[in-house]
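Colleague: Would you mind keeping the following structure in view while I ask a few things?
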Amino acid sequence: QVQLVESGGGLVQAGGSLRLSCVVSGSTFSSRAMAWYRQAPGKQREFVARINKDDSTNSLNSVKGRFTISRDNAKNTVYLQMNSLKPEDTAVYHCNFYPLPVAAWGQGTQVTVSS
C-alpha cells in the first residue's frame, strides 16, 4: 500500500521561502511521475508542479519562477522549494502521482503566508 507523508510547511511572511518534502513508500518511486497539489480554504484542490521520471518538470503559471520541484530517487522523496511566497499561496499542500493522483491522500502540510 502506497503511503505519502508530507512535511515542511509553516507560517511565513510574504516574500519568504519554504521547502516541502514528501516521502513515498510502497511504490516504485523512481519509475513514476510525481506532483504537488494544493487546496486553499473553500477551493478545490489544484495542481501546482510535476516532475517526470526523467526529471523534466512543469508547473502552474502562477508559481513559475518561484517554485521548483525536484526528486531524490535514493530517498523516495519529492521536494517543492517555494520562494517569494505570496498570501495567495496559502493552502494545504499534498503530493501524489501524476497525471492521476491514484494514491490515498496523505495528511498534507499547511503553508500559511502572511501579508
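Colleague: What does the chain give for Rg and for Dmax, in Å, if only its C-alpha atoms count?
Modeller: 13.1, 40
Colleague: Could you give log10 I(q)/I(0) at q = 0.16, 0.18, 0.20, 0.29 Å⁻¹ for region 73-112, computed by the Debye formula over C-alpha point scatterers of equal weight, without solvent?
Modeller: -0.53, -0.66, -0.79, -1.12
Colleague: Roughly how much of Arg19 is accessible, in Å² to the nearest 10, using a 1.4 Å probe?
Modeller: 130
Colleague: Additional query: Where only protein heavy atoms count, and the probe is 1.4 Å, what is the accessible area per residue for the chain in Å²? Before the final figure, lay out each step's value.
Modeller: Numbers: 5940 Å² over 115 residues.
Accessible area per residue: 52 Å².
Colleague: Using alpha-carbon pairs under 8 Å, 6+ residues apart, how would you state the relative contact order of the chain in percent?
Modeller: Values: 277 pairs, mean separation 42.7, N = 115.
Result for the chain is 37 percent.
Colleague: Separate question: Taking amide hydrogens as modeled 1.01 Å from N in the peptide plane, which residues meet the under 5 Å criterion relative to Lys86, leaving out close sequence neighbours?
Modeller: Hits under the 5 Å cutoff: Gly15.
Colleague: A further question on this structure: Test of understanding: in a Gaussian network model of the chain with alpha carbons linked when under 10 Å, which of Gly42, Gly15, Gly65 would top the mean-square fluctuation ranking?
Modeller: Looking only at Gly42, Gly15, Gly65, the biggest GNM fluctuation is shown by Gly42.
Colleague: Each residue of region 70-79 in order: what ³J(HN,Hα) in whole Hz does its phi give by Karplus 6.51 cos²θ - 1.76 cosθ + 1.60, θ = phi - 60°, with x for Gly and Pro?
Modeller: Going residue by residue, I get 8, 9, 10, 5, 5, 10, 6, 10, 10, 10 Hz, with x marking Gly and Pro.
Colleague: Per residue of region 94-102, in order, report the coupling 6.51 cos²θ - 1.76 cosθ + 1.60 (Karplus, θ = phi - 60°) as ³J(HN,Hα) in whole Hz, putting x for Gly and Pro.
Modeller: 3J(HN,Hα) across region 94-102, in whole Hz: 10, 10, 5, 6, 9, x, 9, x, 7.
The values are calculated or read from the model by the stated rules, or taken from the named source; none is laboratory data. This one's a predicted model, so the numbers in the text were calculated from it and none came from an experiment. All accessible areas refer to the heavy atoms of the entire protein, side chains included, with ligands and DNA or RNA removed. Shrake-Rupley method; radii C 1.70, N 1.55, O 1.52, S 1.80 Å.
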